[in-house]
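Reading through the structure tokens given below for one structure.
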Amino acid sequence: MNVRVQFFSRLRDVTGASSAELELRDGATVAELVEKLYLQTPALREWDSSILVGAGVEFVDRTHVITAGEEIAIMPPVQGG
């Protein structure tokens, strides 16, 4: 299945792109998607312990099963002010 991933804030700088299209197997989890991203952009792994992942309009954990056409957002921790 094809999944669109959007990168926000500093992660956009790390990846050099605001978004990417990834091909994943049906039933893939966020953990699998993240690992595929790390293979493509190793510097992104440095953010592993702090990145937040959103699917649609909700934050999800890495066990979340991605559905076809779902848009995934990868972002650093949200800061208030």
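Among all residues of region 72-79, there is at least one that is surrounded by 10 or more Cβ atoms within 10 Å (Cβ to Cβ), touching a Lys or Arg at 6+ places or on another chain (Cβ under 6 Å) and under 15 Å from Arg12 (Cβ atoms).
Looking only at region 47-72, residues that are at positive phi and acidic (Asp, Glu) come to 0 in all. For region 7-34: of the residues being more than 14 Å from His64 (Cα to Cα) and part of a helix (DSSP H, G or I), which is least open to solvent (accessible area, probe 1.4 Å)? Checking each candidate, the answer is Leu11. Scanning region 38-63 for residues that are in a loop (DSSP other than H, G, I, E, B) and open to solvent by less than 50 Å² (accessible area, probe 1.4 Å) returns Thr41, Ser50, Ile51.
The values are calculated or read from the model by the stated rules, or taken from the named source; none is laboratory data. Everything quoted here is computed from the prediction, not taken from an experiment. Cβ sites come from the backbone with ideal geometry, for glycine too, and all protein chains shown count toward neighbours. The protein model used for the area step is the full one, side chains on, heavy atoms only, and it has no ligands, DNA or RNA in it. Shrake-Rupley method; radii C 1.70, N 1.55, O 1.52, S 1.80 Å.
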